[in-house]
């Protein structure tokens, strides 16, 4: 896991190669066919060398959900385990990991009901809402920080709509985490280095043909408001193209958007229990990550040295 531009794909390939693993993408945009450069998909050649799952499984106009992804990821995990391989989950979409680990409840609240419930939150500070949750569901309140307004209000919404304590709703979810043990590695750059890395990577993506990819997608009939176009940078580039502007004019905006997103990713993963944080600015960070994975999985014979490089 980790924010964008932290080296997740490269580490996933290295671990899969050394530990006889297969990679399951946990990226909300890599599921879409044709969205390659901007989503950072590994090359076709790398996908042939190391089996990959949940890449290019949806049309750009198709809605994709965390629950659906978790179901398919769990299926892939079981198939890989049956082959005595190591399932390696790689990605930065926190909600997809949370759904797989059992942190999401698939309850859709109608917009009118949701608006009415949220009116009761107006003028209430977060700690007050946390006390309200404690009165309704002490077990769920204990699991949340008194400052975590997003999850506190979600719990209150669920209770108000269903009449069932959120802790009970979460407990009912059939989740893969009950059958699997996980080693959770979160890759992270120091903040200043991470921002510089994102800027460099975004410029590289533009130079590698990202705007041409968006032009091709639009020319092929993919609408500018398709679900897949919600991915970082895609909508901004599509908007520039639609307005007749040079797509490079939105480069700085895409960099800033990506930097803000990376900050949200880091905040999200900070709440992940039992995660091991890996500072990718350290000289031996890959060796550290591999050592932890090898200890977790038990000694596994390495594959014959091939052409995988990271």
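Would you calculate, for the chain, the mean residue ellipticity at 222 nm contributed by helices, counting each DSSP H stretch of 4 or more residues as -39,500 (n - 2.57) and dividing by all residues, to the nearest 500?
Details: 14 runs with 157 residues, N = 310.
Per the formula, -15500 deg cm²/dmol.
Summarising the overall dimensions of the stretch 54-98 from its C-alpha atoms, the Rg and Dmax are 11.6, 36 angstrom. The slack between residue 82 and residue 287, meaning 0.36 nm per residue of separation minus the straight C-alpha distance, is 71.0 nm. Over the Cα atoms of the stretch 111-172, each weighted equally, I'd like the Debye log10 I(q)/I(0) at q = 0.20 Å⁻¹, rounded to two decimals. The computed values of log10 I(q)/I(0) come out as -0.70. If the segment from residue 150 to residue 128 were pulled out straight at 0.36 nm per residue, it would be longer than the present Cα-Cα gap by 6.6 nm. In the set (i) 29, 57, 14, 0; (ii) 32, 52, 15, 2; (iii) 37, 60, 3, the label that goes with P(r) over Cα pairs in 20 Å bins from 0, in percent computed for this structure is (i).
Read-outs throughout are calculated quantities, based only on the coordinates presented, and are distinct from any laboratory measurement. Values in this document were obtained by computation on a predicted structure and should not be read as measured data.
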